[in-house]
Structures are given as structure tokens and as C-alpha cells.
Amino acid sequence: MAVSGLAMGIIDTIANIQLVSIYKKDSAIFLQALHFFIGLGALVSPLIADPFISEHCLGSNSTENATEIIHHFRSSFRSPVILTENSPHSEPVEEKANVAYAFWIMALINLPVPIAVFVLMYQEKLLPFCPNSTPRLLDKDELAMETKAPEGTEISEPDDAGFHHGGHGNIFSCCMNGSLRGLPVTFFGIHILGGLVLFMTEGIMGVYAGFVYTYAVSAPMSLHAKMAAYLNCIFWAAVTAGRLVSIPLSYRFRSVHLLVMNLAGVIVTLLLLLILYTNRVFLFVGTTLLGLFISSVFPCLVAYTEDILEYRGCATTVLVTTAGMGEMTLQVLVGSLIQKKGTYSFLVCGLVIGCLGFVFFLSVILCNPAMVEAPPAPASEKAAPEQKVAVIQTESNKCDSG
């Protein structure tokens, strides 16, 4: 599981960075599509595993006999499985457990992914041992071509953020070669504050998905275990639907407006869940609303932060990293607090975290005007780029005079 998490972290970071570096101002739409499929996978995976796991679960209404269930799951991974006459799980029979089939199915679903990546690398001429005479896919992409440097400039050189226009750059080159010298404090403040926003919002998503079942089966809700299990599925379905709806919305509205609406919706929903903490119907309604509002915060914030930084920093890398840290850390903190103070603290923590995230986002907006003026050019910048800028300005003056 640790190796799998490491691989997913690398894939998540590189996928977001490449979409931002290729499409720049148009990246919000593609980021929404990317995260829609992430939510779709989170929704579909439990549905695939459920038929293979449910037949091994007891029909109890709570967590009683949990130790016995765990021992049964452990034994079910060994083949053959011999169940004694006194076993409450099934009749005495020697069988091969079906629990492992869920893992095999998920592995087979992921198998085409490296094959597709290999084909993409071949199309992009990134494999030196496999020569390819056909044009690159990026050269056929009109949106990607629009982000290239104007005619008369060299597009093979990386920009200030270390990315090649229309190509593939080094993820960490923005932190090298003195490219961060001479930048204002607000430049780094936007990285930190943007990371804190995602630390909070992704933490809420992880906390809610992880503990909503525990909250639902405990007092005062005391839902039936089977009914409470639908909450997690409803939450991820709402997240998936919200990201799908955000694809056309990102085309019509600015990212900052979507972020304000989503973050305010998260706070209002959590506040209503706190007030109506005994209302079972609103628990399902609130779960749906929370999933819809929080779904597109990540891709919108990545697009917004990169836009106000003019794609010069390591914003995407910082945001993806802090988002993962928040999803990991806050689950541990809230989980330990639930054990000490009770399940009601689950909603209290969510509301506090949501308010902090909104405050940090307002701080990002306040830092934005300071970034309008471009920072002084690094000392390492050569005279050649200055000549290229002069050529572009001369051409624009000719167009104006015409």
C-alpha cells in the first residue's frame, strides 16, 4: 500500500503539472476533467469490491465481533480456506475466497494505464530507442499551440518556471539556477497560502469520507449499518457529479468566482449539519451538498494560483503536496479527537477547518494585486531574451500603426 500511494502521488503531481504547463490559462477545464475521473474511480472502486466482500461480512448492526471478522478476512486470503462447523460465517466447506478477486480486478483495470502512457511517450518522441517520424500530438493540439511563444522567439528554451512552451519540462527547475531570486514576498506567500487552502479542503474531504459512517451509526443518529454505508457512496457520487458539472462552468466563469461559491457552500453545509445534527434526512442531503461544493476546489485553486503567478513558480507541486499532507494529517487528528470527545466533534472540526480554509483563500486574493507587476528579472538572464522581447514589441508597434 505504501508503494501504491507513492506511485499515485507521483502520477497526481506530474499529471497536474503537465496540464498546467501545456494549456496554461485553458488548464482549468482540463484539470476539472482530470479530477472528475479521479472521483469516478473513487466511486466505482467500492462498487466493484462490494460483491466480493459483502458475502464474507456478518449481518450484525454494529462493530461487535470485529475481532472475529478481522480474523475471518485474514484467513480468507489463504487458500484453501477451511471453515469449522462452529464458524458463524458460512457452512463447513473448503473454498477459495473471493475477497482477493477485487484486488485482481482493480489491477487489471489499471493495466492499460502504463500501456497508454508508453504509447503517449512514443507519440511525443520521448523514447530515444524508438524513433518516430510522425508529428507529435502536441503539435496537432490547437490549444497547446496557442500557449507557445510568439513567432520569432525560440520555443526550445524553458521559460522562467522551467517549462518548455508546448513541451515537457523539469518539474523542479523552477527552484534551480537562481530563478527565485529577486521575487517579492507575496510570490512565496501565494504558494504557502494556496497550499494551506488545499491542506484544509482536502483534509475535509478525507475526514468526511473516512468518518461519516462512524458518525451515522453512533448516537444521536444511530442509523442502521447498511443505511449508513450508503453515505460514503453518496458523497463520492456527489464529488464526481460536481467535477463533471464544473467542466462547463470553468469555461464560463472565472476560477476565483467558483472558489468563493464552493468554499462558502462548504461552510454553510457544515453549519447546517451541525444545527440539524439529529435530522437523518438532512444528513444525506448535506452529504450530497458537501460533495458538490468541495469537489472542484482543488482543480480551481490550482488553475487560479498558477494564473496569478503567471506560471512562474512551483505552485502545482506545492499544492498537490500540501493537499496530500492535509488529507493524511487531519484524518489522524480528527480521528483521535472523535475517540476522546465523541462523534459530534467530527462536524465541529469540519466547520473549523472549512472556516480556516476560507480565511486562507481570502489571504490569497489579497496577495493577488501585488503580483500584477512582474518581479525584477533574475541576474542570470542573458541579453538574448531581451532582444526577443524588443522584437515582439517592435512587431506589435507595427500592427498598432497599421
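Scanning segment 174-206 for residues that are crowded, with 17+ Cβ neighbours inside 10 Å, among the small types (Gly, Ala, Ser) and either modelled with pLDDT under 90 or closer than 30 Å to Pro135 by Cα (or both) returns a single hit, Ser179. Asp141 falls short on exactly one of the conditions (1) open to solvent by less than 50 Å² (accessible area, probe 1.4 Å); (2) modelled with pLDDT of 80 or more, and that condition is (2).
One residue stands out among those in segment 106-133 that are open to solvent by less than 60 Å² (accessible area, probe 1.4 Å) and more than 20 Å from Gln18 (Cα to Cα): the one that is modelled with the lowest pLDDT, which is Asn132. Flag: Thr317 matches the condition of being farther than 21 Å from Val245 by Cβ and of a type in the set (Val, Ile, Thr). Only one of the listed residues (Val268, Val285) is of a type in the set (A, V, I, L, M), open to solvent by 70 Å² or more (accessible area, probe 1.4 Å), farther than 29 Å from Asp26 by Cβ and without any contact (Cβ under 8 Å) to a residue 12 or more places away in the chain. That residue is Val268.
The values are calculated or read from the model by the stated rules, or taken from the named source; none is laboratory data. Given the structure is predicted, the values throughout are model-derived calculations rather than measurements. Note that we place each Cβ from the backbone using ideal geometry, even for glycine, and neighbour counts take in every protein chain shown. Each accessible area value is taken on the protein alone, full model and side chains, heavy atoms only, with ligands, DNA and RNA left out. Shrake-Rupley method; radii C 1.70, N 1.55, O 1.52, S 1.80 Å.
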